[in-house]
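**Student:** My questions all concern the structure below.
The values are calculated or read from the model by the stated rules, or taken from the named source; none is laboratory data. Nothing here was measured: the structure is a model prediction, and the numbers come from that model. Here the Cβ positions follow ideal geometry from the backbone for every residue, glycine too, while neighbour counts run over all protein chains shown. These accessible areas exclude ligands, DNA and RNA; they are computed on the full protein's heavy atoms, side chains included. Shrake-Rupley method; radii C 1.70, N 1.55, O 1.52, S 1.80 Å.
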Amino acid sequence: MSDIPGGPMANRPVHFIWLLDCSYSMQGEKIGQLNYAIREAVPEMRSVAQDNPAAQLLLRTMTFSTTARWHHQDPVPVENFTWQDVQVDGMTNLGEALQMVARELDTPPMPQRALKPVLALVSDGVPTDDWKTGLRAVDATPWGRKAVRVAIAIGADADRTVLQEFLGNPELQPLDANSPKQLAAAIRWASTAAVKAASQMVAGATDPLAKQQAYAPPVLDDDDDDVW
Amino acid sequence: MSGMLDSGTLLTTDSGLRVEVFDLLGAGGQGEVYRVRTSAGYQALKWYYPACATPAQEAIVRQLVGRGFADDRFLWPLDFVADARGGFGYLMDIRPDRFKGLPMLFRRQLRTSPRALLKACLYTVEAYQALHSRGIAYRDISWGNIFFDPDTGDVLVCDNDNAVVEGDSTGISGTMEFMAPELVRGDPGVAPGTQSDLHSLSVLLFMLLMNHHPLKGRRELAIHCLDEAAERKLYGKQPLFVFDPQDQSNAPDPTEQATVLATWAAAPDSLRALFTKNFTAGLHDPTTRVRESQWRDTLRAVLDAVVECARCGKQNMTEPRAADPGTCWSCGSTLVLPPRLVLTTPPPRTEHHILLHRSSRVQAHHLDPEPARHDYGDGTLVALLTEHPQKPGRFGLANRSASPWTGTRADGSTQRIDPGQTVPLRSGLELDFGGARAVVRSK
């Protein structure tokens, strides 16, 4: 029995979905860097969730290559989230992935009450299927329209137009990750700033990721000694 | 975890102190905080994200450093630090471990007590009052920048780098749920300042004591996606207190919002009255908001009126000076009022009613008609209710001050109580604490 009256503060879920490109072009160092970056970001996601008692952060991961599949099918509370490395295979079927995400953004399976969901797309290439139909399916759901979106372009050959269109807001820019350090910073920023944007509204910003400078990611001096 | 600054980075503060970055402690909305080594030992360095390292922010930080604010309730910017590439930040002390974040309290993940919570509220009020009385507006009061000790109620205000001199229009807009409605709406000519701080302070106090947001009732439950537009409506365009006596359309839902119903039921009338005033008239007319001095007077009176339930031992807030203490919030038993010490300060006379539970304390601030600050620590202890070491069940007031008291019994005879001595509690016993006078009353 508690020494003070009242139970825990009421909260609302934040559904956070990672959409990860696992096509062949990610083979080698890139996929290793991605796995590492997400693993690194998990403690920070826990910390940002811990700092916000009015939100309950639930994570899911979808990978897309020749097919799209849920890496974590059911939403996992961030406290229990563990990362299993993703592997590469095949094509870049982003459209199929978006279709599957759209199905999860209807009510149900979404609850009656939630905070804005977060869709975080990480890709290095050009989609090989009908991604526009998939994107329209996401936009057609009420939760998909409200979602906070972040996009990370891995490598110089990433199709930034697709990512830009996914963001759906000319004021938002995909984040460029041209080095492991940049990728880690971008993933870390996406995992924390997007959760804050979904759960802690700041007045005066129509799109918190666009206008709220406080959430802008750190610009790095890319002075690490990687060999290219 | 890696941040903007690498471990081992050497920086020099404006005052010439050498600083070596040790590790990253955490990240916030505006920047990162590092543990750094200096000749004075470990300190903390806040370093702004490039997007936040603006000339305006630099001006605020420089002004705060220059102003200086030696007050143990604040982690104040102590020294300005810049690198050669346009980055900057400031040095401050490291937050001691005993101070916990409010999210742990809100999740009920730590043990505390109603007395500690009331003290935390009172200390919070006085901390912001200390700023406001110097003409500084904090402008970003929220659960994220106040920490408290769950045992003592001591508070520590962090992230003071948005505080500005009243009237300075340097803009941060703040977290919407803590912002005054006129700021959420963006009314023309309205800027964050001490008057809007009063709203944020009341929201924070409500959350500390009630574990809920004062404007989140049924209307919030009717919202599917709580996004900016929905929050703007809840907190700005159509704000309605969950316990508004004239309009019950935003009353808490008994199932989904049971916490606030339980905590409100356990709060005494005088506290409820202040919250009601602030979140009805005060929502629409900023000049009617509850001022820090009103919060302070009510909180300290309630603190003196906390009683333990005789059956289950849980602390209960009772209405100061009321004859009926009500029932225990935990076990439902009827509460029994203990004897009280009615203490009158020197002029301008203020009367305090201290209920005498098994470990009641009289503090220095009880004897002062206009104390600058309340302190419930051992350093300011004047008297402590103690049980007789050989005669269990017999209680007396131990003199823990440095000077003798004079006691006058009901029959008119007097006695001297030296520091360290204990005077037995008797109905009608009068005590002269050297200016302030007190009398023990059975009811």
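**Student:** At a probe of 1.4 Å, how much accessible area disappears from chains A and B on forming the pair, both sides counted, to the nearest 100 Å²?
**Tutor:** On the way: alone 11420 and 20160 Å², together 27360 Å².
Approximately 4200 Å² gets buried when A meets B.
**Student:** Tell me, what ³J(HN,Hα) does each residue in segment A:173-182 have, in order and in whole Hz, if you take phi through Karplus 6.51 cos²θ - 1.76 cosθ + 1.60 with θ = phi - 60° and put x for Gly and Pro?
**Tutor:** Working through the residues one at a time gives 10, x, 8, 8, 10, 9, 8, x, 5, 5 Hz.
**Student:** What FRET efficiency comes out for A:Gln50 versus A:Asp74 if R0 is 22 angstrom and r is the Cβ-Cβ distance? Round to the nearest 0.05. Provide the component values of the computation, followed by the final result.
**Tutor:** Details: r = 22 Å, r/R0 = 0.98.
Efficiency at R0 = 22 Å is approximately 0.55.
**Student:** List the cysteines of the protein assembly as shown that have no other Cys Cβ closer than 4.7 Å: which are they?
**Tutor:** Taking the Cβ cut-off of 4.7 Å, the unpaired cysteines of the protein assembly as shown are A:Cys22, B:Cys52, B:Cys121, B:Cys158, B:Cys225.
**Student:** Quote the charge dipole size of the protein assembly as shown about the Cα centre in Debye, to the nearest 20; the model charges only the Cβ of Lys and Arg (+1) and of Asp and Glu (-1).
**Tutor:** Details: 67 positive and 80 negative charges, 628 e Å.
My answer is approximately 3020 debye.
**Student:** Would segment B:10-92 count as rounded, prolate or oblate if I go by the C-alpha gyration tensor, calling it rounded below 1.5 in a/c and otherwise prolate when a/b exceeds b/c, oblate otherwise?
**Tutor:** Details: a/c = 1.26, a/b = 1.05, b/c = 1.20.
Taking the square roots of the gyration eigenvalues as a ≥ b ≥ c, segment B:10-92 is rounded.
**Student:** Next question, about the same structure. Using a Gaussian network model on chain B with a 10 Å cutoff between Cα atoms, which of B:Gln390, B:Gln30, B:Gln315 fluctuates the most?
**Tutor:** Answer for the Gaussian network model of chain B: B:Gln390.
**Student:** A further question on this structure: Leaving ligands, DNA and RNA out of it, report the carbon-plus-sulfur percent of the accessible area of chain B at a 1.4 Å probe.
**Tutor:** Details: 8960 of 18120 Å².
For chain B, the apolar C and S fraction of the accessible surface comes to 49 percent.
**Student:** Most mobile of A:Gly28, A:Gly125, A:Gly144 per a Gaussian network model of chain A (Cα springs, under 10 Å)?
**Tutor:** Of A:Gly28, A:Gly125, A:Gly144, the most mobile in the Gaussian network model is A:Gly28.
**Student:** Please list the non-local residues whose amide H lies under 5 Å from the amide H of B:Lys100, H modeled 1.01 Å from N, same-chain partners needing a gap of 5 or more.
**Tutor:** Amide H neighbours of B:Lys100, under 5 Å, 5+ apart: B:Phe148, B:Asp149.
**Student:** If you don't mind, another one. Could you work out, residue by residue across A:128-140, how many beta carbons of other chains sit within 10 Å of that residue's beta carbon, and then give the average as an integer? Write out the running numbers ahead of the final one.
**Tutor:** Numbers: counts 0, 0, 0, 0, 0, 0, 0, 0, 0, 0, 0, 0, 0.
Mean number of neighbouring Cβ atoms from other chains: 0.
**Student:** Given Cβ point charges of +1 (Lys, Arg) and -1 (Asp, Glu) and nothing else, what value in debye, to the nearest 20, does the dipole of segment A:12-208 about its Cα centre take? Before the final figure, lay out the partial values.
**Tutor:** Numbers: 18 positive and 22 negative charges, 129 e Å.
The dipole of segment A:12-208 has a size of about 620 debye.
**Student:** Go ahead and run the numbers for FRET between B:Thr386 and B:Gln248, Cβ-Cβ distance against an R0 of 45 Å, rounding to 0.05. Walk me through the numbers before you get to the answer.
**Tutor:** Numbers: r = 48 Å, r/R0 = 1.07.
In this case the efficiency is close to 0.40.
**Student:** What number results when the radius of gyration of segment B:338-441, computed over Cα atoms, is divided by 2.2 N^0.38 Å?
**Tutor:** Details: Rg = 12.9 Å, N = 104, 2.2 N^0.38 = 12.8 Å.
That ratio works out to 1.00.
**Student:** Would you mind calculating the gained length between B:Arg134 and B:Asp411 on full extension (0.36 nm times residue separation, minus the Cα-Cα distance), in nm to one decimal? Provide the component values of the computation, followed by the final result.
**Tutor:** Numbers: separation 277, 0.36 × 277 = 99.72 nm, distance 5.03 nm.
That works out to 94.7 nm of additional length.
**Student:** Which cross-chain or sequence-distant (5 or more) residues have an amide H under 5 Å from the amide H of B:Gly26, H modelled 1.01 Å from N in plane?
**Tutor:** Under 5 Å from the amide H of B:Gly26 lie the amide H atoms of B:Val33, each far enough along the sequence or on another chain.
**Student:** Specify whether the C-alpha gyration tensor of chain B places it in the rounded, prolate or oblate class, a ≥ b ≥ c being the square roots of the eigenvalues: rounded for a/c under 1.5, otherwise prolate if a/b is larger than b/c and oblate if not. Don't skip to the answer; put the middle values down first.
**Tutor:** Working: a/c = 2.15, a/b = 1.42, b/c = 1.52.
Since a/c reaches 1.5 but b/c is at least a/b, the shape of chain B is classed as oblate.
**Student:** Let me ask another. Take the Cα gyration tensor of chain A, multiply each eigenvalue by 5, square-root it, and list the three semi-axes largest first, rounded to whole angstrom.
**Tutor:** Each semi-axis is the square root of five times an eigenvalue, giving 28, 21, 18 Å.
**Student:** Sequence neighbours fewer than 8 away in the same chain don't count; with that in mind, list the lysines whose C-alpha is under 29 Å from A:Lys116.
**Tutor:** Reachable lysines: A:Lys132, A:Lys146, A:Lys181, A:Lys196, A:Lys211, B:Lys100, B:Lys216, B:Lys233, B:Lys237.
**Student:** Could you pull out the trypsin sites (Lys or Arg not before Pro) across segment B:298-362 that fall in loop regions by DSSP (anything but H, G, I, E, B) with no more than 14 other Cβ atoms inside 10 Å? Before the final figure, lay out the partial values.
**Tutor:** On the way: sites: B:Arg300, B:Arg311, B:Lys314, B:Arg321, B:Arg340, B:Arg349, B:Arg358, B:Arg361; in loops: B:Arg311, B:Lys314, B:Arg321, B:Arg349, B:Arg358.
Sites meeting the loop and neighbour criteria: B:Arg311, B:Arg321, B:Arg349, B:Arg358.
**Student:** Let me ask another. Any idea what the dipole of chain B comes to, in debye rounded to 20, about its Cα centre with Lys/Arg Cβ at +1 and Asp/Glu Cβ at -1?
**Tutor:** For this selection, approximately 1520 debye.
**Student:** Right, another one. Would you mind computing, in nm to one decimal, how far apart the modelled labels at A:Ala156 and B:Cys312 are, each placed 7 Å from Cα along Cα→Cβ?
**Tutor:** In this crude spin-label approximation the distance works out to 6.9 nm.
**Student:** Further question: For peptide A:5-18, how many partner chain Cβ atoms fall within 10 Å of a residue's Cβ, on average? Provide the component values of the computation, followed by the final result.
**Tutor:** On the way: counts 19, 16, 7, 7, 15, 14, 2, 4, 0, 0, 0, 0, 0, 0.
Shielding by partners across A:5-18 averages 6.
**Student:** Could you give the semi-axes, largest first, of the ellipsoid that matches the protein assembly as shown, computed as the square roots of 5 times the alpha carbon gyration tensor eigenvalues and rounded to whole Å? Spell out each step's value before the answer.
**Tutor:** Details: eigenvalues 548, 160, 98 Å².
Whole-Å semi-axes of the equivalent ellipsoid: 52, 28, 22.
**Student:** Also: Given the options B:Asp93, B:Asp304, B:Asp227, which has the most mean-square fluctuation in a GNM of chain B, springs set between C-alpha atoms less than 10 angstrom apart?
**Tutor:** In the Gaussian network model the winner is B:Asp227.
**Student:** In the full protein assembly as shown, how much of B:Glu351 is accessible to a 1.4 Å probe, in Å² to the nearest 10?
**Tutor:** Roughly 80 Å² of B:Glu351 is accessible to a 1.4 Å probe.
**Student:** Whole-Hz ³J(HN,Hα) for each residue in segment B:434-443, computed from phi via Karplus 6.51 cos²θ - 1.76 cosθ + 1.60 with θ = phi - 60°, x for glycine and proline: what do you get?
**Tutor:** x, x, 7, 10, 9, 9, 8, 10, 6, 10
**Student:** Moving on to the next point. Once phi is turned into ³J(HN,Hα) by the Karplus curve 6.51 cos²θ - 1.76 cosθ + 1.60 with θ = phi - 60°, what whole-Hz value does each residue of segment B:132-144 show in order, with x for glycine and proline?
**Tutor:** Along segment B:132-144, the couplings run 4, 5, 9, x, 9, 9, 7, 6, 9, 5, 7, 5, x Hz.
**Student:** OK, next. Evaluate E = 1/(1 + (r/R0)^6) for A:Gln112 and B:His357, where r is the Cβ-Cβ distance and R0 equals 60 Å; express this FRET efficiency to the nearest 0.05. Walk me through the intermediate numbers first.
**Tutor:** Numbers: r = 46 Å, r/R0 = 0.76.
E(calc), rounded to 0.05, equals 0.85.
**Student:** Something else about it: Can you give the calculated 222 nm mean residue ellipticity of chain B, where each DSSP H run of n ≥ 4 adds -39,500 (n - 2.57) and the sum is split over every residue, rounded to the nearest 500 deg cm²/dmol? If you can, show how the numbers build up before the last one.
**Tutor:** On the way: 12 runs with 106 residues, N = 443.
That comes out to -6500 deg cm²/dmol.
**Student:** Does segment B:221-360 come out rounded, prolate or oblate, given a ≥ b ≥ c as the square roots of the eigenvalues of its C-alpha gyration tensor, rounded meaning a/c under 1.5 and, failing that, prolate meaning a/b above b/c? Can you show the working numbers first?
**Tutor:** Numbers: a/c = 3.28, a/b = 1.56, b/c = 2.10.
Oblate, because a/c is 1.5 or more while a/b does not exceed b/c.
**Student:** Can you compute the label reach from B:Thr287? Point 7 Å from Cα along the Cβ direction, backbone N cut-off under 20 Å, restricted to segment B:178-221.
**Tutor:** B:180-183, B:187-200
**Student:** Let me confirm one metric for peptide B:106-118, namely the mean number of other chain beta-carbon atoms within 10 Å of its residues' beta-carbons.
**Tutor:** Values: counts 8, 6, 7, 3, 0, 3, 3, 3, 3, 2, 2, 2, 0.
Per residue, the number of nearby Cβ atoms from other chains is 3 on average.
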